Each structure stands twice: as structure tokens, then as C-alpha cells.
């Protein structure tokens with residue numbers, strides 16, 4: 001039935017990743033790249049609050065995240081385009097009052113403040129080559145440091161993501177590629193597909209991927225009745241893996257959080273340069289993991305669905 005609707009629509013549905021929500025975590029969903037006739041840049045300040053949720057194993061937690069980010073993009077030649085994105089993110093986790101006496105193994109216990117403040121620095125230089133007017137080869141080189149402040153062991157990951165982006169029509173752009181990124185500690189290097197989509201379904205309805213070169217991202221359905229107002233429905237996947245402090249209950253161990261955010265949002269474009277976005281919804285299918293310094297699993301547990309509020313301010317230069 002899908003193929004009767006035409007190859008463009010079929011490819012768009014495939015690229016959109018019509019998969020069970022947890023499967024979103026097995027791919028990267030980077031945003032499509034536009035053609036930049038001149039150099040552009042923007043600056044963003046973002047925040048996200050995840051309401052307290054009970055952990056199946058024991059205890060509960062909530063988190064507050066702050067982020068500043070900058071991005072620049074422009075042409076080097078007629079066929080080569082360069083881009084660079086940098087961001088710093090701080091996430092504060094509150095696991096409630098510590099209860100180490102309730103833990104048979106304090107290093108593998110969610111009631112013992114397994115981690116608190118996590119710092120993340122992302123640098124992502126990239127380039128694209130226009131092979132034809134409709135086809136681009138995209139390359140990005142993500143570098144990430146993700147750790148508590150006084151971790152001693154390495155917390156750096158790096159890799160390469162390559163993708164072919166094809167503008168099938170004036171309404172449809174798709175991309176397909178592969179990412180190869182190292183992981184903290186002994187975990188194997190991850191190889192994963194990278195899928196992009198920008199499909200203008202009607203004059204004011206758009207389906208697109210929004211994310212970066214790492215696994216995860218989101219699929220967003222965007223309704224744009226005017227230049228000022230946009231409504232957004234999105235489903236995504238978030239995975240954070242980080243090195244723990246050398247002074248904590250699991251010295252220089254590894255922590256990991258995953259979830260599937262389901263959000264509804266409002267985007268207000270006050271000018272062509274200024275945008276403010278507010279979103280709310282639920283984080284579902286959440287899981288926490290505690291590992292030793294070599295990546296061996298000590299404890300994992302699901303946690304209850306939790307309310308999420310997030311927003312950002314963006315100014316383009």
C-alpha cells in the first residue's frame with residue numbers, strides 16, 4: 001500500500017523511523033542540512049526539568065539541566081560548506097536523602113546518591129560536499145567529554161558520522177548514513193545508522209528529524225499557521241553516559257540514563273533572529289545504570305514515567 005503512494009512518500013516513511021519508540025535509541029536522527037549561501041550563526045540558552053520519579057529498585061530522583069550552545073555554518077566554496085557546533089550542559093541530579101544503610105552494596109545503590117552534578121562538553125566540527133544540486137555528502141566529527149567534576153579516568157568519546165543527503169523534491173529531503181563513535185571505558189565502539197528527514201507534508205505541516213550526530217534525537221511534527229507561531233508534537237530518545245567522581249560511592253565508575261521524551265511544544269518567532277520555545281510532556285521507558293570503571297554492570301533499574309518541562313531561547317546573528 002505504501003509503495004502505491006509513490007517512492008518519495010515511501011522513502012520518507014522509512015526515513016522517519018516508523019519503529020517502536022525504544023528503537024529510536026538505536027539510530028541517530030540528525031537535523032537535515034540546509035544550503036547556506038552566506039555565513040550564519042546562533043546562540044542558545046536552554047533548560048530542562050524532569051519531575052521526581054520512583055526508581056523500581058529503590059529510591060527516587062529528579063533532575064534539572066542547563067545548557068548554553070553556539071553554532072556557525074557557511075560556504076567555503078560553491079560546493080563545500082563548513083559547520084561547527086559547541087555546547088556545555090550541566091545536569092543536577094537529586095536522588096533524595098541518601099540511605100546507604102539500605103544498600104547491601106553502596107557502590108551499586110540508587111539510594112546512595114550514585115551521582116550528582118554532571119558536566120558535558122560537546123564539540124562537533126563538520127563539512128558537506130555538494131555532489132550534485134540534489135545530493136550532498138555530509139561529515140561530522142563529534143567529540144564529547146561527560147563526567148562529574150572530579151573524575152580521574154577518561155570521559156572522552158569521539159568518532160565520525162557520514163551521511164548522503166538527497167533532496168528528492170522541493171518538499172522532501174532525506175538522508176541516510178552511518179556513525180562510528182567510541183564509548184567510555186571498555187564498551188565497544190558503537191556503529192549505528194544516521195537517518196534524517198525534512199518532509200513538507202502541506203503548506204503548514206512538516207515532519208522532520210531534530211538532533212545531532214550521537215544516537216538519539218527526535219521526530220517532530222510541526223504545524224506552522226504563521227511565521228510567528230508553531231505547534232510541535234515530538235517523540236525522541238535521550239541517552240547520557242558519563243564518568244563518575246573519584247570521591248563517590250563508586251569511584252571513577254560509569255553512570256547512564258536513558259528515556260523516551262514525548263512532548264508537545266509551542267515555538268514563538270518574535271523576529272527572524274529571535275525564537276523562544278516551551279515544551280512539556282512525559283519521559284517514558286526510563287532506565288538508570290551503574291557500572292564499574294571498566295564498564296561492567298553493577299545495577300540497572302527502570303524508573304516511573306515522569307513529567308518533563310523544557311525550553312530554550314535562540315538568537316541568530
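Can you say whether residue 179 is buried (at least 19 other Cβ atoms within 10 Å of the Cβ), within 17 Å of the chain's Cα centre (by Cα), modelled with pLDDT under 95 and farther than 30 Å from residue 55 by Cα, as far as the supplied structure shows?
Considered against the rule, which asks whether it is buried (at least 19 other Cβ atoms within 10 Å of the Cβ), within 17 Å of the chain's Cα centre (by Cα), modelled with pLDDT under 95 and farther than 30 Å from residue 55 by Cα, residue 179 comes out as yes.
Looking only at residues in region 213-225 that are in a loop (DSSP other than H, G, I, E, B) and surrounded by fewer than 21 Cβ atoms within 10 Å (Cβ to Cβ), which one is nearest to the chain's Cα centre (by Cα)?
Among those that are in a loop (DSSP other than H, G, I, E, B) and surrounded by fewer than 21 Cβ atoms within 10 Å (Cβ to Cβ), it is 224.
May I ask you to list the residues in region 123-156 that are touching a residue at least 60 places away in the same chain (Cβ under 8 Å) and farther than 23 Å from residue 208 by Cα?
Within region 123-156, 144, 146, 147, 148, 149, 150, 151, 152, 153, 154, 155 meet the criteria.
Residue-by-condition table, conditions (1) over 21 Å from residue 46 (Cα atoms); (2) touching a helix residue (DSSP H, G or I) at 6+ places or on another chain (Cβ under 8 Å):
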residue: 210; (1), (2): no, no
residue: 223; (1), (2): yes, no
residue: 230; (1), (2): no, no
residue: 249; (1), (2): yes, yes
residue: 258; (1), (2): no, yes
residue: 277; (1), (2): no, no
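Listed here are the residues, each with its yes/no results for (1) surrounded by fewer than 16 Cβ atoms within 10 Å (Cβ to Cβ); (2) in contact (Cβ under 8 Å) with a residue 12 or more places away in the chain; (3) part of a strand (DSSP E or B).
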residue: 227; (1), (2), (3): yes, yes, no
residue: 230; (1), (2), (3): no, yes, yes
residue: 237; (1), (2), (3): no, yes, yes
residue: 247; (1), (2), (3): yes, yes, no
residue: 259; (1), (2), (3): no, yes, yes
residue: 267; (1), (2), (3): no, yes, yes
residue: 284; (1), (2), (3): no, yes, yes
residue: 311; (1), (2), (3): no, yes, yes
residue: 315; (1), (2), (3): yes, yes, yes
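Considering only residues of region 286-309 that are more than 25 Å from residue 233 (Cβ to Cβ) and outside any strand (DSSP E or B), which is nearest to the chain's Cα centre (by Cα)?
Filtering first and then ranking leaves 295.
Six or more apart or on different chains, Cβ atoms under 6 Å: show the pairs whose first residue is in region 168-186 and farther than 20 Å from residue 216 by Cα and whose second is assigned to a strand (DSSP E or B).
What qualifies is 171/200; 172/199; 185/254.
Within region 15-29, does at least one residue satisfy the condition of being modelled with pLDDT of 80 or more, surrounded by 13 or more Cβ atoms within 10 Å (Cβ to Cβ) and either in contact with a strand residue (DSSP E or B) (Cβ under 8 Å, 6 or more places away or on another chain) or closer than 16 Å to residue 217 by Cα (or both)?
Yes - at least one qualifying residue is present in region 15-29.
The values are calculated or read from the model by the stated rules, or taken from the named source; none is laboratory data. As the structure is a prediction and not an experimental result, all values here were calculated from the model. Note that each Cβ is placed from the backbone with ideal geometry, even for glycine, and that neighbours are counted across all protein chains shown.
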